[in-house]
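The values are calculated or read from the model by the stated rules, or taken from the named source; none is laboratory data. Predicted, not measured: the structure shown is a model, and the values here were computed from it. When we count neighbours, we look across all protein chains shown, and the Cβ atoms used for this are built from the backbone with ideal geometry, even at glycine. Surface accessibility is based on the protein's heavy atoms, side chains included, excluding ligands, DNA and RNA. Shrake-Rupley method; radii C 1.70, N 1.55, O 1.52, S 1.80 Å.
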Amino acid sequence: MNQTRIFTLSLAISFAVSWASAQDSGSRGEWAHINSRLRPDNNVRWGTLENGFRYVLLNHKGIPERVCMRLLVLVGSTEEENHELGIAHFLEHMAFNGTRNFKSNEMISFLQSLGMEHGYDVNATTSFDHTIYSLEYWDNELASLNKGLLLLRDICNGISFQPAEIEKERKVILSELRSREGFNYRAQANAYKLFFRGLNFAGRIPIGSPESIKSLRRNQFLKFYNKWYRADLMLLVVVGDFEIPKMEHLVSERFDNINKPSSPIPKKPLGRILRSNSIRAGAYRITDVGSAFIQAASVLPMRKKTESLETRRQEFIRKFSMALLAQRMQRALPNTSNGFADYVRIFEHDTALASLAVAGPGWKDGVQSIDRIIRMTLRDGFLKDEIDWLRKRELSRTQKLRASYSKLDPAKITNSIIDSVVKNRVYIGIPKELEWQEKFLQEINKKNIHRAFRECWNLDQMAFHVSGEVDIQNSTKEIKNAITTSRKEAPNLYLNQYLFDFEYEPTLSGNPGTVVESSTIPEFQAHLMRFQNNVRLNFIETQNEPGQLRAIVRIGGGLFDQNENMPGLREFGPQAFLGSGIQRYELSDVQSFISSSMLEFSFDVHDHDAFTFRGVLGNEDLDLFLGIVTDYLRDPRVHRSSYWDAMVNNLVHRKTSAVGIPDGYRAVQNILYGNDGRFSWGNMRDYTSIGVSDVRDWIEEPLRNGYIEVSIIGDISMSIVTQKVARTLGTLNNRRSSKLHPKPKHPIAVVSPSGYRRVEFVGEKHQAGVIGFWHYDQEIGPMEKISLEILARVIKTRMWESLREDLGLSYSPTANFSSYDEYSNFSTIEASLDCSPVDAPDIAEAILDISTKIFRYGVSQEEVNGSLRPYKVKMRQALRSNEYLINNLLKRAQERSDLIHELVDLKNGNLNQVSVEKVNSLARKIFMPKNSRSVAIIPKPFIGIFQIEAQ
């Protein structure tokens, strides 16, 4: 299902994520605030036991009963010797393969007893300089919290490292490496080595290499574990709905008996960056991907800083200047995409980063464009309008975050504390951090931003990296020549006028609408209304997200309004409409309004039965959201130019993504559903056969006259919402009182034969995947939905136990149940996992064997209970979530009142009515051999990838 997004508030972070885990060495053994002028958040309990083990406790009731636990070990791949690469990450995996108090085969049932799911509520990550073990509680029962502490305590010094478990997990890690080690992964690793030559982390990707993973032995694990997992390098962070004195008592009981280290903390082997007095360059070449990714970096010398308010201010201004650069790149560089820039601190080295994507043959233009725009900005700085526009956007974001802090998910606070410890920064608390950011935003000016930008970049010592489909034979020479050529001329670029000093004004037409019907859903305090023009409004007032709203506007029948089956139309049709803009404003104007004010905005046919606008915004921006939607609906048009842009962009996207396993998954979708454009993906012929008139015929009439249902939930009063809808959507022409096409014109048909099938894709030879698929083509009620959800969880657990834990054949097997409210008699269970190409056929058969056994013998009461407890916990929390309520209760409340009854039943506790007999009755239907399908997704031979080493 396609979803077209056009702008979000947050900056693109795809490039920065690669560096997020490479930070300072962390506060090893003591708190950062001990020797700082900055004072830590006084709501936090900072504790240190006699053995050196530290803990951080914070009571935060943003989500009732929610508690987040993190065990942070300040050890990562940087601590590894050359002969043990990948051991820190391998050790992290072993923590869940048997400890002093938990046998490996008991781990899943233990976690289920806590209402948790492995991989979702229980997880771990290893970085260059730290390892994190996470437990996510949705129930704050003290006994359950204590059991979680026991598991984390075991991880500190009670991991078993049984040889058989090591061998099983070795296969899992090799599978994980296969799933990660794609083109982008290899190219980024190559860029690390270029930008950070001499620093140890650049050659120590946490997961290691196939050779090192295969070579590690038990004695090496024990040596690394005993050396680095010591009390003064570990700390516990607990944030959520609990009483601090009781939690502090439990922490002391659990962790106080860890041995106190008898030797000083070993020195972290950071290495020393190799300086260069000239530009450095490197490339990583990949054929048949169509595009190229250009990266530039400027790494400044190591400087130790005493943290203060002033250093925080300087850092903020530098990051702001780089956000301005990213903004400029996105607007001022033609024939490029994904323009991004950031300032980060990596192992005490201040680092400026910039990147963009271009078509492969245009790599030289891409390199020169980055160089030119940086040089021009160094010379001239930024325009006042640019600064003011971004300042306004960031002030709005900061104020929204401050308003919503009281309801913030504890996980986000926990992660911010972890981040501060890893970076050796004083944790002053999110509210204070946001207060300072607001102050900094108000103080910044053109002069200090220009100075900060100049501090980020050293033109003579920059490094450039090019990856993708590029015709480069000598990376250093050719890239340097491109830079030399660029620097012979003054850096001049035309800056498009894209910043605005005016506010959005909706088109006012007609008198405000009046409400002619109203009703309520008392169980959820929801209000349903109909205006005289048949626009319908569903609303819940709640402070679950203070200062914020979620809004959905559904119009017409979406895919049900297509006159004929047209594969590919859903993939670019919505973007063609959205790109046509609205009266009085060009698309760039609309994008500017949205990105400066809203957290999210999109237009899609994700719900097959409607065209849908979606937004997440501050309550003060509801006029803007409703005004833009109203203007789009007042005179909906699809311009020919927008149609061409959308179609060409889609063609380019498909071409550049036609290599790799995602193309194999698209092929599976087409095999299952044949030529059904509601589910299948179009091909090049499909796209080019769709004309602008086809898009117009599908979209324009339903949006002009179709049924409208508006849903809003959030921190705003009903009277204000009613008034704002009346002044906007309430002024539209009379709308249909019901849908023209309330049901699909054709039933969904799964056309693929049952049994095993093999699909091949063009891509790297080490990656493969397997899909298991079962569909149910009868109408289902609430009990059937819950029973099918349980069956999906049982399938996942059995795959996890047999294919991951017992055989080590896959890193992350999963299974999900999907019910489609728009198709009353269609639902699916789909299993998926990654694996090696050699194992894929056998795994595909194994998945069919799992479902056949459930079909024949059913599931046990224990399996039902184990799956039901986490589901109950999640549902209890979901019913407090604005996102869940608007999508599952409100958005079809007047069109489909039967769905309301289902959710009311859930709230009233009908989960307790689920029986093993009901679950097995459905298992005998959905898992029939003639309804079971599995597909092995396997690569064709691909020899077009090779690397040119960075120099």
Point to revise | Glu438 paired with Ala490, simple spin-label distance in nm, labels 7 Å along Cα-to-beta-carbon | key: 4.4 nm
Practice item. Express in whole angstrom the spacing between the alpha-carbon centres of the stretch 265-306 and the stretch 838-884. Key: 44 Å
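Nearest 20 debye, what's the magnitude of the dipole of the chain about its Cα centre given +1 on Lys and Arg Cβ and -1 on Asp and Glu Cβ?
Magnitude of the dipole: close to 1980 debye.
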Review point. By per-residue mean of other Cβ atoms within 10 Å, what is the highest-first order of 465-473, 838-846?
Key: 465-473, 838-846
Practice item. Could you pull the accessible area for Thr731 with a 1.4 Å probe, rounded to 10 Å²? Key: 20 Å²
Practice item. Report the label-to-label distance for Glu700 and Ser215 in nanometres (one decimal), using points 7 Å from each Cα along the Cα→Cβ vector. Key: 6.7 nm
Study note, to complete from the structure: Once amide hydrogens are built 1.01 Å from N within the peptide plane, the residues lying 5 or more places from Trp681 or on another chain with amide H under 5 Å from its amide H are Asn670
Exercise for review: Report the full-extension gain for the segment Asn908 to Leu274: residue separation times 0.36 nm, less the Cα-Cα distance, to one decimal in nm.
Suggested key: 221.7 nm
Point to revise | For the stretch 775-781, 3J(HN,Hα) per residue [Karplus equation, 6.51 cos²θ - 1.76 cosθ + 1.60, θ = phi - 60°, Hz, x = Gly/Pro] | key: 10, 10, 10, 10, 5, 10, x
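Ordered by packing density, taken as the mean number of other Cβ atoms within 10 Å over each peptide's residues, highest first, how do 701-708, 430-437 rank?
Highest mean packing first, the order is 701-708, 430-437.
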Point to revise | Rough spin-label spacing in nm, given labels placed 7 Å along Cα→Cβ, for Lys412 and Glu779 | key: 4.1 nm
Check your understanding: Residue by residue through the stretch 224-240, which ³J(HN,Hα) values in whole Hz follow from phi under the Karplus form 6.51 cos²θ - 1.76 cosθ + 1.60 (θ = phi - 60°), with glycine and proline marked x?
Key -> 5, 4, 5, 7, 9, 7, 10, 4, 7, 10, 10, 8, 10, 10, 10, 9, x
Check your understanding: Any idea what the dipole of the stretch 314-391 comes to, in debye rounded to 20, about its Cα centre with Lys/Arg Cβ at +1 and Asp/Glu Cβ at -1?
Key -> 140 debye
**Study point:** Förster-model FRET efficiency, 22 Å R0, Glu523 and Glu883, C-beta, rounded to 0.05
**Key:** 0.75
Revision key, fill the gap. Once amide hydrogens are built 1.01 Å from N within the peptide plane, the residues lying 5 or more places from Gln548 or on another chain with amide H under 5 Å from its amide H are Asn619, Asp715
Review point. Local charge sum around Gly271 (other residues, Cβ-Cβ under 11 Å, Lys/Arg +1, Asp/Glu -1)?
Key: +4
**Study point:** Reported label for calculated Rg/Rh (Cα atoms, Kirkwood Rh) given (i) 1.10; (ii) 0.94; (iii) 1.04
**Key:** (ii)
Point to revise | Most positive-pole-ward Cα, Gly271, Leu803, Val629, against dipole of the chain from beta carbon charges | key: Gly271
Exercise for review: Output the direction-averaged projected area (hull surface divided by four) of the convex hull of the alpha-carbon atoms of the stretch 15-256, in nm².
Suggested key: 14.1 nm²
**Study point:** Relative contact order [Cα under 8 Å, 6+ residues apart], the stretch 15-256, whole percent
**Key:** 37 percent
Revision key, fill the gap. Evaluated at 10 °C and 1.306 mPa s, the Stokes-Einstein D of the stretch 820-943 based on the Kirkwood radius over Cα pairs, in µm²/s, stands at 90 µm²/s
Check your understanding: Taking the Cβ-Cβ separation of Glu505 and Lys223 as r and a Förster radius of 56 Å, what is the calculated FRET efficiency to the nearest 0.05?
Key -> 0.20
Check your understanding: How much accessible area per residue does the chain have, in Å², with a 1.4 Å probe?
Key -> 40 Å²
Revision key, fill the gap. Here FRET efficiency (C-beta to C-beta, Lys743 to Val652, R₀ 35 Å, nearest 0.05) is 0.45
Review point. From the residues Trp31, Asn184, Val935, which one has its Cα farthest along the dipole of the chain in the positive direction, the dipole being from +1 and -1 charges on Cβ of Lys/Arg and Asp/Glu about the Cα centre?
Key: Trp31
Practice item. Considering only DSSP beta bridges where both residues belong to the chain, give the percentage that are antiparallel (nearest 5). Key: 80 percent
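Carbon-plus-sulfur fraction of the accessible area of the stretch 515-731, 1.4 Å probe, in percent?
47 percent
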Study note, to complete from the structure: Summing -39500 (n - 2.57) over every DSSP H run of at least 4 in the chain, dividing by its residue total and rounding to the nearest 500, the 222 nm mean residue ellipticity is -12500 deg cm²/dmol
**Study point:** Shape call, the stretch 30-80: gyration tensor on alpha carbons, a/c limit 1.5
**Key:** oblate
**Study point:** Selection from Ser588, Phe577, Leu537 lying farthest towards where the dipole of the stretch 522-627 points positive, charges on Cβ
**Key:** Leu537
Practice item. Keeping the other protein chains in place, figure out the carbon and sulfur percent of the accessible area of the stretch 825-897, with a 1.4 Å probe. Key: 46 percent
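Scan the stretch 36-95 for trypsin sites (Lys or Arg not before Pro) in coil per DSSP, keeping those whose Cβ has at most 15 other Cβ atoms within 10 Å, and list them by number.
On the way: sites: Arg37, Arg45, Arg54, Lys61, Arg66, Arg70; in loops: Arg37, Lys61, Arg66.
For trypsin sites (Lys or Arg not before Pro) across the stretch 36-95 that sit outside H, G, I, E and B with at most 15 neighbouring Cβ atoms in 10 Å, the list reads Arg37, Lys61.
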Review point. Counting Lys +1, Arg +1, Asp -1, Glu -1, what net charge surrounds Asn415 among other residues with beta carbon under 10 Å of its beta carbon?
Key: 0
Revision key, fill the gap. Toy charge model, Lys and Arg Cβ at +1, Asp and Glu Cβ at -1: the stretch 15-256 dipole around Cα centroid in debye, rounded to 20, equals 660 debye
Point to revise | the stretch 359-464 - percent of accessible surface contributed by carbon and sulfur, probe 1.4 Å | key: 47 percent
Review point. Residue by residue, what Karplus-based ³J(HN,Hα) values in Hz, rounded to whole numbers, does the stretch 47-62 have, using 6.51, -1.76 and 1.60 with θ = phi - 60° and x for Gly and Pro?
Key: x, 9, 7, 4, 7, x, 5, 10, 8, 10, 10, 9, 7, 8, 9, x
Exercise for review: Please calculate the 1.4 Å probe accessible area of Arg218, with all protein chains present, and give it to the nearest 10 Å².
Suggested key: 90 Å²
Check your understanding: How much accessible surface does Val692 have with a 1.4 Å probe, in Å² rounded to 10?
Key -> 10 Å²
